[in-house]
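Beneath this line is the structure, given in structure tokens, with notes to follow.
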Protein chains: 2
Amino acid sequence: MVPPLRPARRASPGPPQPLLLGLLLLLLQLCRGLRAEDSSAMEEIATEKEAEESHRQDSVSLLTFILLLTLTILTIWLFKHRRVRFLHETGLAMIYGLIVGVILRYGIPATSGHDKSLSCSQEDRPFSTLLVNVSGKFFEYTLKGEISPGKINNVEQNDMLRKVTFDPEVFFNILLPPIIFHAGYSLKKRHFFRNLGSILAYAFLGTAVSCFIIGNLMYGVVKLMKLVGQLSDKFYYTDCLLFGAIISATDPVTVLAIFNELHADVDLYALLFGESVLNDAVAIVLSSSIVAYQPTGLNTHAFDAAAFFKSVGVFLGIFSGSFAMGAVTGVVTALVTKFTKLHCFPLLETALFFLMSWSTFLLAEACGFTGVVAVLFCGITQAHYTYNNLSVESRSRTKQLFEVLHFLAENFIFSYMGLALFTFQKHIFSPIFIIGAFIAIFLGRAAHIYPLSFFLNLGRRHKIGWNFQHMMMFSGLRGAMAFALAIRDTATYSHQMMFSTTLLIVFFTVWIIGGGTTPMLSWLNIRVGVQDPSEEDLNETRWRYFRVGVDPDQDPPPSNDSFQVLQGDGPDAARGNRTKQESAWIFRLWYSFDHNYLKPILTHSGPPLTTTLPAWCGLLARCLTSPQVYENQEQLRDEDSDFILNDGELTLTYGDSTITANGSSGSHTATTSLEGRRTKSSSEEALERDLGMGDHEVSSRGTRLVFPLEDNA
Amino acid sequence: MVPPLRPARRASPGPPQPLLLGLLLLLLQLCRGLRAEDSSAMEEIATEKEAEESHRQDSVSLLTFILLLTLTILTIWLFKHRRVRFLHETGLAMIYGLIVGVILRYGIPATSGHDKSLSCSQEDRPFSTLLVNVSGKFFEYTLKGEISPGKINNVEQNDMLRKVTFDPEVFFNILLPPIIFHAGYSLKKRHFFRNLGSILAYAFLGTAVSCFIIGNLMYGVVKLMKLVGQLSDKFYYTDCLLFGAIISATDPVTVLAIFNELHADVDLYALLFGESVLNDAVAIVLSSSIVAYQPTGLNTHAFDAAAFFKSVGVFLGIFSGSFAMGAVTGVVTALVTKFTKLHCFPLLETALFFLMSWSTFLLAEACGFTGVVAVLFCGITQAHYTYNNLSVESRSRTKQLFEVLHFLAENFIFSYMGLALFTFQKHIFSPIFIIGAFIAIFLGRAAHIYPLSFFLNLGRRHKIGWNFQHMMMFSGLRGAMAFALAIRDTATYSHQMMFSTTLLIVFFTVWIIGGGTTPMLSWLNIRVGVQDPSEEDLNETRWRYFRVGVDPDQDPPPSNDSFQVLQGDGPDAARGNRTKQESAWIFRLWYSFDHNYLKPILTHSGPPLTTTLPAWCGLLARCLTSPQVYENQEQLRDEDSDFILNDGELTLTYGDSTITANGSSGSHTATTSLEGRRTKSSSEEALERDLGMGDHEVSSRGTRLVFPLEDNA
């Protein structure tokens, strides 16, 4: 989150009226004959006026986006009010962006740019700053970038379009971090870790396979285009691979939102969400390593093994470095919140949490790693450890803070996408390439979902069924990450074509595929849970449950959380008894290490380190063990259950209650007191208990075969 | 909140290691003889590397600030933990800024800047952008600003110092708006409006008087300096007036924080807070109008009446324009939140609230007004109207959101102040000027506090006593606004001297005067209320009250709010019976207009517009009246009582409770139900009731003559 900073520059306070501005400029023209002081004063004024004008245009452009976001918010409310599901907020934001883009492009007359041509020969390389001598006064200029000769006359043609075009780094520095952090911070951790192996496989192997396949298919398409004479400029193999990496970043935000509302199967949700979150990270680093593939030697077409392994090294280095950064910051925050009494001061705690999470990003960027990947792992770490140390107030504050940042950033990006279709001045739409791309992404996704699922099912007890695989295949939406990666570098012909195609792919997948999610869920017979509050209940806190075969008079849970604690029975009750045979060995290993060592060090949970660490660590163990652990060995359970993603917004769809923000803590307490009655057990039993309990609590989501009632009503 | 945007520029993904960077640069030097393509590729790489390096330095500089803020937060916690009151968080932030500034200035060796000198004659005026021809390729440069000839060699001397030096507009566009908005949004409205006349007098007349007196005194000082030979360059009368305007912006954040903690007299709090908030606005616009004072004609020393009146016109125009912008946005938000059911969706509501408040700023800036002033009035309007329409969840969310933004921005500015003492490279410290400035601000404040209080007391029933006046005189701390105004333009000798002096004044007033607040309160015998929770009660929600002459067994109030509802008796009970004679006629006029028309239009409160509006507005009245009004005519009171500033943080100093964030609503409900039992009455009685009730509830603050117990313990 690094806004592009510039060193100090002069700016005039108290901008006068535009009419005055015009008069001053006119005066400037007339006063060229005045003595040097006056003309320099005029020049100062002119410079300041230009700065003012530029500032004003910046304000107007930001206002445009705020208008877009406001319209989007109001329409989202309207859609929720009327329970429209075919169009999600991101698709909506894009539509509004499109509309405003059309208006800006065709509605507003192009204003002529400032006079600015200067021919000035320089040394062999451009400098980052220039000192220019103007009538004895020196002015400083900073390098903005290169302009291709053909575009020189076009550059200033439309000021307004330029003003609403952001530096692509804004996406990576300001907009994507909150989105990615929130994704990490709100992972449903239990289901995430339970499906960890599959998620990692899909994210890493799947993305690599997808990238490779799409890259090769696109290379074929490009060759075809060259044959047919449709290719105007160079299009390398590495460009195709880059396109493959970019377009492999999935972002099924629409699908996941619908899954949430309808309470579709939690494993499917976890697989999709986990895959999308991690493959964003993989895609970024993969694209960086592909760009870093610089074959030496004169023949750039031959495969350079050294450069290839260097790229692989870059990938591993950047990924693990970013991972380390994120984890370290999360750990530091956990320690700080554990050993201070900051939880008495939610404002301080929230501010510290925010700063530390932001610092992850900056630290990673400063060290040459990828900030976005670092904040992802920081978010996961914070959710896993730090969250438990925060006071109840701070938990809701941090969740809400990042939730609103995420919301604004995401809708901003999607609005910008719609806008970019018209404001981006270097689009290159090539039908063959576009059709080829659609086919390629379809094949690429099929080529990694089905084979990987097959291999994973060999090891999983709870298989990923065909309908799940089809759903995952279907849910390959592209979104913010693909867009940001594509727009990052649009200097060359190939990159511009890739960007234009990516934009179209995002539009199509978000609108068409996103809109088809609900029908597809029923068509594939994927189980969903459902609530159906009637309109008049909207402001009450009562629930009405309609479930096939479920007692409708069953009391709602004590909190406003949308889960029912059902007694498990039926075909999936076995899931409630998922035992240690189910979980992968590596997961069990991780879990016991985490439960016995990491959690006690970083949070207030037990078992006390004095019992688990060897004797020679005694002193260290005593320092690190929180006094609370001794008092509350039974009561302090892992509070980070599935409820960490408290759909505060969804819950409030059905009722406005003052304790909703703490509803999660209510259910935590329920969980806590329930589990507190059990006897102390080993970590294996703890694992079993966690998995079993978790399943009991959330099995309601997929226990009954229920069709979404809204379709029948 | 407009970050300085730049149109798209190329940036390379996947920054390689610094070693690689060095190698590449070396390669660049060696490869100058290669063919054009290769050298252009090298140039591209070099440009990208420079951009990378610049980005990395930006990250490091932001990290420095995050480190500062983190240290500040941890130390604030420590101070609160040990109840240290002599050093407030802002003073602490400055100290850390100083320390880091010393390290950066003297600890880090100066790195040599990039080669960048180019002599290139140009037209009579500098252009905003340049196209520079480098070996056939064109690069675009943007104008950054003017460099005075003597500084050319110094400009790049210390890269690091430059990197931590922000564009002054960052303060006005990013940092000050949240601070000012929060000030407006958290005004204790009842006491603010009760003392409205006095506050307006202090803010407008007082600032103008102060500016004038300080300006003239400083002009005398400047003349003295010229006589003594201490003045190296021009120092105009307008510069002195500008200094007067800048330094008249008070910011008694330390004093107010202590007032809050000790629960000092609410009227004094309201007077100080209201004055500081409004005089910030006045100071900005005043400084703009002084800068806009451009006397025509050759004799710039004669008084130009036309230019003077133009300046006055600019002042009035900008102020009223900004006021209108802020009020309009607040009204629009109120209407939107009233007529939609957005309150079902706190996330949407909060996001919309945030966007609308931000749009105020941009709108004002785009129209040529002052964004900061607009957000102030927007905040006040939002607190007065929109707040009532928000759901309970949204109220706490918005308060918390702006609270954390305010906290971070304020401490950032104060850290930066400390840093700026060492990183700013153009300081000019002149002992005569500095001493003269201290004397001038002392006299300037005396010259407006005492005479104005005298005149105000002629009209007030509840006089502003001598001790209050002394306290107000004492509480003339300078802070963020004065600093931001001073740093805005440091191009000339006079401005640099003014900036350096302002910095010293801020340091002195925040540390010395801020630290002396608590002793001064007791010395002046200003009444405070107090709680004294014992350490072990810190995490409980019980209170222990120690009051001279008060029954210690009295039950605490039902909410966690820190007020006691005492039965009024003693010398100030008369305040509880403040009747309509007390309030100024204009206030009563405003109140009845607000109560009868504005509130019903913009919120859900009664009385119904169908009763108050004339018959021909019947249709409009029916549209605008909320159905809730008919149902709940007695229950829906103005919920915006004094408790809108719910010191969530301070309350939690004494207890961590999950409903603290809604504690205010708890007390609202108490108020509501109490008042609901009264019969329907006219607005006059409503006014009386509001004032009287308010007094009853908060008279505890000043009812008993109690010395701060901490001093005696």
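Quick notes on this one:
- Pair list, Cβ < 6 Å and 6+ apart or interchain, from segment B:331-347 residues that are within 19 Å of B:S396 (Cβ to Cβ) and part of a helix (DSSP H, G or I) to residues that are among the basic types (K, R) and at pLDDT 90 or above: B:P346/B:R397
- Matching residues in segment B:160-184 - criterion: being at pLDDT below 85 and more than 10 Å from chain A (Cβ to nearest Cβ): B:M160
- Some residue of segment B:327-334 being under 30 Å from B:T492 (Cα atoms) and either facing chain A (nearest Cβ under 10 Å) or among the polar types (S, T, N, Q) (or both): no
- Residue that is modelled with the lowest pLDDT [pool: residues in segment A:315-364 that are among the hydroxyl-bearing types (S, T, Y) and over 20 Å from A:P178 (Cα atoms)]: A:T340
- Residue in segment B:212-230 that is within 14 Å of chain A (Cβ to nearest Cβ) and within 30 Å of B:A93 (Cα to Cα) present: no
- Of the residues making up segment A:350-364, not a single one is at the interface with chain B (Cβ under 9 Å from one of its Cβ atoms), free of Cβ contacts under 8 Å to residues at least 12 places away in the same chain and of a type in the set (S, T, Y).
- Test: A:T386 is touching a residue at least 24 places away in the same chain (Cβ under 8 Å), of a type in the set (V, I, T) and more than 25 Å from A:F192 (Cα to Cα): no
- Selection count where residues are in contact with a Gly (Cβ under 9 Å, 6 or more places away or on another chain) and of a type outside the set (A, V, I, L, M), scope segment A:73-94: 5
- Those residues of segment A:477-508 which are more than 14 Å from chain B (Cβ to nearest Cβ) and either within 16 Å of A:M218 (Cα to Cα) or surrounded by fewer than 23 Cβ atoms within 10 Å (Cβ to Cβ) (or both), in sequence order: A:Y493, A:S494, A:M497, A:S500, A:T501, A:T502, A:L504, A:I505, A:F507, A:F508
- Any hit, segment B:81-91, residues being modelled with pLDDT of 85 or more, assigned to a helix (DSSP H, G or I) and at the interface with chain A (Cβ under 10 Å from one of its Cβ atoms): yes
- Among (1) in contact (Cβ under 8 Å) with a residue 24 or more places away in the chain; (2) within 12 Å of chain A (Cβ to nearest Cβ); (3) over 17 Å from B:L363 (Cβ atoms), the one test that B:I284 misses: (3)
- In this entry, A:H406 is excluded by the filter for residues that are under 29 Å from A:I318 (Cα atoms) and more than 14 Å from chain B (Cβ to nearest Cβ).
- B:L452 vs. criteria within 28 Å of B:Y591 (Cα to Cα), touching a residue at least 12 places away in the same chain (Cβ under 8 Å) and more than 11 Å from chain A (Cβ to nearest Cβ): yes
- Matching residues, segment B:599-619, being outside any loop (DSSP other than H, G, I, E, B) and more than 38 Å from the chain's Cα centre (by Cα): B:T610, B:T611, B:A615, B:W616, B:C617, B:G618, B:L619
- Only one entry of A:Y185, A:Y237, A:Y202 meets the criterion of being more than 30 Å from A:E89 (Cβ to Cβ) and among the aromatic types (F, W, Y), and that entry is A:Y237.
- Listed here are the helices (runs of 4 or more DSSP H) enclosed by segment B:462-508 that have at least 3 residues being under 16 Å from the mean Cα position of the chain (by Cα): B:480-487.
The values are calculated or read from the model by the stated rules, or taken from the named source; none is laboratory data. As the structure is a prediction and not an experimental result, all values here were calculated from the model. When we count neighbours, we look across all protein chains shown, and the Cβ atoms used for this are built from the backbone with ideal geometry, even at glycine.
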